[in-house]
Amino acid sequence: MQSPIQQNIFADDVRGGLSAAPKFLSSKYFYDDEGSRLFQEIMKLPEYYLTKSEYEILSGQTKEICAAFGAETGEFDLIELGAGDGAKTSLLVDFFLKRQTDFTYVPIDISVEALKCLTEKFAAQFPNLSIQAEQGDYFLTLQTFKSKSARRKIILFLGSNIGNFGKAQAQDFFKSLRAVMNDDDRLFIGFDLQKDPRTIVRAYDDAQGVTAEFNLNLLTRINRELGADFNRAEFSHYASYHPIEGAARSFLLSRRAQTVFVKTLNETFEFAAWEPIFMEISQKYSPEMIEELAHASGFEVAGNFTDDKKFYVNSLWKPI
Ligand code: AVJ
């Protein structure tokens, strides 16, 4: 459920996206309760290597990663942006708790449902953990960071969530993070690396069709929340990878010429046969791009942790 203001922003964004040429919808709206559940399913898919690679890194190199955080002494806030189900984060939390480190875990997520699940799970798994969950858009929540506490901040941005930003947007995002960070704070980011395009396309076009469902669910959400009459059967999920840009993109293609009415907007939208709606970018990085991005946004790379296949990197950034 969203507030009336959020609902208006959603309606405006849908109007904007469906009126544009080419049409688009923002992937940030994928995560209603059903969308969050579908994303949990995606993470379990054999084709979706990202979660497995990051898990391998965080479980195999926990000690080195925590040492690189420099968090053995003093108290700090462990802030997680887009926390999701916290499966990977629990590896770090467990490690810190066993060393009696004094910290508060601050998960931030847009989905109420996801936060509730996470908080319950962590409360059961770690009775001694201090948790301070925050629901909201992390862009907005960010602004409250500086006033929140004087404690050292270790900010986690895992799961290749940064992939959903284009390159310019990613730089703006890290710059605004930098602005609320102090010199001894750290930022720990999960990047998906460039690799065989076939491996990437499979991850976004799985055999069971869960990713297709994940995309189509946004049409269902628009039907429910904005009174639209999208017929999901008339749209087809399509995933592509552009090896020069390193961009995986997904689209919903209109299978035929059709008209969709959105009641809340009191507007109709025309779709030509095979016209695409651009749904999501999942940017893949090269090591050079990561270095560049860090410097361009006011950081230096203090450490990189990769999996055996070099599919993925968790990069630790230090403000400069
Ligand atoms: C949550 C943004 C990392 O882009 O890989 C998974 C979302 N989309 N399958 C990604 C997603 C389709 C995912 N991120």
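The values are calculated or read from the model by the stated rules, or taken from the named source; none is laboratory data. Being a predicted model, the structure only gives us computed values, none of them experimental. With ideal geometry, Cβ positions are generated from the backbone for all residues, glycine too; neighbour counts draw on all protein chains shown. All accessible areas refer to the heavy atoms of the entire protein, side chains included, with ligands and DNA or RNA removed. Shrake-Rupley method; radii C 1.70, N 1.55, O 1.52, S 1.80 Å.
Kindly state, as a whole number, the per residue volume in cubic angstrom of the convex hull around the alpha carbon atoms of the chain. Don't skip to the answer; put the middle values down first.
Numbers: hull volume 41.4 nm³, N = 320.
Once divided by residue count, the hull of the chain is 129 Å³.
In what order, largest first, do His242, His295, His237 sit by accessible area if the probe radius is 1.4 Å? Walk me through the intermediate numbers first.
On the way: His242 70, His295 105, His237 30 Å².
Descending order: His295, His242, His237.
Find the Cα radius of gyration of region 1-75, compare it with 2.2 N^0.38 Å by division, and give the number to two decimals. Each step should come with its number before you reach the end.
On the way: Rg = 19.3 Å, N = 75, 2.2 N^0.38 = 11.3 Å.
Compared with the compact-globule rule of thumb, region 1-75 sits at 1.70.
For region 13-124, what mean projected area does the convex hull of the alpha carbons give, in nm²? Could the numbers behind the result be given before it?
Details: hull surface 36.7 nm².
Reported value for the Cα convex hull: 9.2 nm².
Tally Lys/Arg at +1 and Asp/Glu at -1 over every other residue whose Cβ is under 14 Å from the Cβ of Ser19; what's the total? Please list the in-between numbers first.
On the way: positive: Arg15, Lys23; negative: Asp12, Asp13, Glu267, Glu270, Glu275.
Once positives and negatives cancel, what remains is -3.
Where Rh is the Kirkwood radius over the Cα pairs of region 191-294, the temperature 37 °C and the viscosity 0.692 mPa s, what D in µm²/s does Stokes-Einstein return? Provide the component values of the computation, followed by the final result.
Numbers: Rh = 15.2 Å.
The estimated diffusion coefficient comes to 216 µm²/s.
Of the heavy-atom accessible surface of the chain (probe 1.4 angstrom), what whole percent is carbon and sulfur?
Working: 7680 of 14440 Å².
So the carbon and sulfur contribution to the accessible surface is 53 percent.
Per residue of the chain, what 222 nm ellipticity follows from adding -39500 (n - 2.57) for every DSSP H run with n ≥ 4, rounded to the nearest 500? Walk me through the numbers before you get to the answer.
Working: 12 runs with 128 residues, N = 320.
Per the formula, -12000 deg cm²/dmol.
Near Lys44, which lysines are there with a Cα under 19 Å away, not counting those fewer than 8 places off in the same chain?
Cα-Cα hits under 19 Å: Lys52, Lys88, Lys121, Lys309.
How many angstrom lie between the C-alpha centres of region 113-166 and region 1-59?
A separation of 17 Å, based on Cα centres.
If I stretch the segment between Thr144 and Gln132 completely, what's the gain in nm (0.36 nm per residue apart, minus their alpha carbon distance), one decimal? Provide the component values of the computation, followed by the final result.
Details: separation 12, 0.36 × 12 = 4.32 nm, distance 1.38 nm.
The Thr144-Gln132 span can extend by a further 2.9 nm.
By the gyration tensor of its Cα atoms, with a ≥ b ≥ c the square roots of the eigenvalues, what is the shape of region 108-202: rounded for a/c under 1.5, prolate for a/b over b/c, or oblate? Intermediate results must be reported in sequence, preceding the final value.
Numbers: a/c = 1.97, a/b = 1.23, b/c = 1.60.
Oblate.
Are there chymotrypsin sites (Phe, Trp or Tyr not before Pro) in region 239-320 that DSSP puts in a loop and that have at most 16 other Cβ atoms within 10 Å, and which ones? Intermediate values should be presented prior to the final figure.
Details: sites: Tyr241, Phe251, Phe261, Phe269, Phe271, Trp274, Phe278, Tyr285, Phe299, Phe305, Phe311, Tyr312, Trp317; in loops: Trp274, Phe311.
Filter output for region 239-320: Trp274.
Excluding ligands, DNA and RNA, what is the solvent-accessible area per residue of the chain at a probe of 1.4 Å, expressed in Å²?
Numbers: 14440 Å² over 320 residues.
For the chain, the solvent-accessible area averages 45 Å² per residue.
Could you work out which residue, out of Ala123, Ala233, Ala207, moves most in a Gaussian network model of the chain, that is, has the largest mean-square fluctuation with Cα springs under 10 Å?
Most flexible of the set in this elastic network: Ala233.
What residue among Tyr48, Tyr138, Tyr238 shows peak mean-square fluctuation when the chain is described by a Gaussian network model with Cα springs under 10 Å?
Tyr138
How many times 2.2 N^0.38 Å is the alpha carbon radius of gyration of region 173-231? Walk me through the intermediate numbers first.
Details: Rg = 18.8 Å, N = 59, 2.2 N^0.38 = 10.4 Å.
For region 173-231, the normalised Cα radius of gyration is 1.82.
Please check: in the Gaussian network model of the chain (C-alpha springs, under 10 Å), which one of Ala133, Ala68, Ala168 has the largest mean-square fluctuation.
Ala168
Please list 3J(HN,Hα) in residue order for region 307-320, calculated via the Karplus relation 6.51 cos²θ - 1.76 cosθ + 1.60 where θ = phi - 60°; whole Hz, with x for glycine and proline.
8, 4, 7, 6, 7, 8, 9, 9, 10, 9, 10, 10, x, 10
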